[in-house]
1. Please compute the per residue accessible area over the range 392-435 with all protein chains in place, 1.4 Å probe, rounded to a whole number of Å².
2. At a threshold of 8 angstrom on Cα-Cα distance, excluding pairs fewer than six apart, so keeping six or more, what relative contact order does the chain reach in percent?
3. At 7 Å along the Cα-to-beta-carbon direction for both residue 444 and residue 311, put a label point, then send me their distance in nm to one decimal.
4. In whole Hz, with x marking every Gly and Pro, tabulate ³J(HN,Hα) for the range 80-91 from phi via Karplus 6.51 cos²θ - 1.76 cosθ + 1.60, θ = phi - 60°.
5. Could you order the peptides 380-388, 409-417, 140-148, 219-227 from most to least packed, using the average number of other C-beta atoms within 10 Å per residue?
6. Once fully extended, how much extra length lies between residue 251 and residue 303, figured as 0.36 nm per residue of separation less the alpha-carbon to alpha-carbon distance?
7. Taking H as built 1.01 Å from N, whose amide H comes closer than 5 Å to the amide H of residue 136, not counting residues under 5 places away?
8. So for the range 276-392, considering every pair of alpha-carbon atoms, how many percent are separated by more than 23 Å?
Amino acid sequence: MNRTIEITPETFLIESLTQAFGQATFPSPLKVSFQTENFIEDGKDRVLVDISLEGLLKASRPNSGHILFQPSTFELAGPREKIFWNPDSLKVAIVTCGGLAPGLNNVVQNLVTFLSDRYRVKHIYGVPYGYQGFTHDPLTKRFAFGWRRLDSLSVQNIDFEGGSVLGTGRGHSNPISIVDALMLRDINILFTIGGDGTLAGANAIHQEIKRRKVPISLIGIPKTIDNDVLWVSKTFGFESAVGKAVEALRCAQTEARSAYHGIGLVKIMGRNSGSLTATAAVAMNDIDFVLVPEVPLRLEGQNGLLNAIVRKVLDKGYITIAVAEGAGQDLFPPSEIEKDASGNEKLKDIGKYLQKLITDEFKARNIETTLKYIDPSYMLRSQTTSADDSVFCAKLGQNAVHAAMAGKTGCMIGYAHERFTHVPLSAVSMGKKRLDVNEPLWLSVLAATGQPSYWG
């Protein structure tokens, strides 16, 4: 949990279409298709947000001589015995947004097959190229891109492919235009798959749906290899990206080890969070320096990074450095801030910056060295999933379907303490998850590398 964010039990209250449009009255088809009676009960089945003893003690306070226990909890995800929607007349849209990540096709496949095969939904559409796929002419009602009809057969084997069969894209998240498009197509449920920018856009769409008082359920599914979405212990694509990052680090180390005073430098994705870089470094377990956005860099001086690199090369003979793309951004001279289509600030290239700086430092000291720089960024995003990631994608997709069919709305499928949960999109928009330098992952990095806890 991000400890800088103030939360209350009300933070995680989930909205439902049943609050304004009637009760969930349809028996769940899962009783037949799954032959199950294992249903979740709203108000009863919940998961603690903070499971630490300190958190539990904070949630307990005296009240008239008794202990009042009010912890913050997530609503547990899963099937409900009664569903809100009639599957026969239901229309569903699915959109994938933002950058690529391993598992997009897996999630789409599981959404479609579970809707079609288990809930017997007949009308499922794939929206192309992210939120841009909702673009339409309000006068002619013609859409800029054709939507795809999806069923179990059309998504067969798409999990063998990287990328997104629907296409993806950044920006174009105009909530008014998007809700217009949803109403024009008579869509009842929208699944949005993406990272923090996509989910912030989804929250704006949800607010516009509420303003118009129309029965449309919106469910978000968190995707990012940066693993920086709040209230989710891991996002899909993260584990697969770690595996590919380890491959790049091994290649860099091989190059470094095979050269006199060799240096292998690898830039790994991670705009605001060093989680991917740190996890890959621990998995590799033989990295000499790990640089992340959460730890400020100091280059010069006796205890600075450059001097530490030189000493390590002379002592060990070769080194490997892993740097997150968002590290050291304050080292660059201030300039006009540029933003991409998603509204993210464009980062300066810390990898090439360090490559030149380290090479110049060795030249200035008249020490021979060979530096090999690897930037595997898009290789991390465009690959297929690992086996464990595939399983995780399946569970995310299935729980998203359960939530939507029950009439839940304005929420994301979260994952906390080995449980899938419902998290309000408003809570997701409270910030970004960052690597906690006091937690075991970063302490494992320090133990493996021997680098100082801070530079300077």
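The values are calculated or read from the model by the stated rules, or taken from the named source; none is laboratory data. Keep in mind that what you see is a predicted model, and the values were worked out from it rather than measured. All Cβ positions, even for glycine, are placed from backbone atoms using ideal geometry, and neighbour counts span all protein chains on display. The area values use the complete protein model at the heavy-atom level, side chains included, leaving out ligands, DNA and RNA. Shrake-Rupley method; radii C 1.70, N 1.55, O 1.52, S 1.80 Å.
1. Values: 1150 Å² over 44 residues.
Each residue of the range 392-435 exposes 26 Å² on average to a 1.4 Å probe.
2. Working: 1007 pairs, mean separation 100.1, N = 456.
Averaging sequence separation for qualifying contacts and normalising by length gives 22 percent for the chain.
3. So the label points at residue 444 and residue 311 sit 2.7 nm apart.
4. Values per residue, Gly and Pro as x: 9, 5, 10, 10, 7, 9, 7, x, 5, 10, 6, 10 Hz.
5. Values: 380-388: 17.9, 409-417: 24.0, 140-148: 12.9, 219-227: 28.6.
Highest-to-lowest ranking by the protection proxy: 219-227, 409-417, 380-388, 140-148.
6. Values: separation 52, 0.36 × 52 = 18.72 nm, distance 2.84 nm.
Extra length available between residue 251 and residue 303 comes to 15.9 nm.
7. Sorted by chain and number, the residues that satisfy this are 144.
8. On the way: 2695 of 6786 pairs.
Roughly 40 percent, rounded to a whole number.
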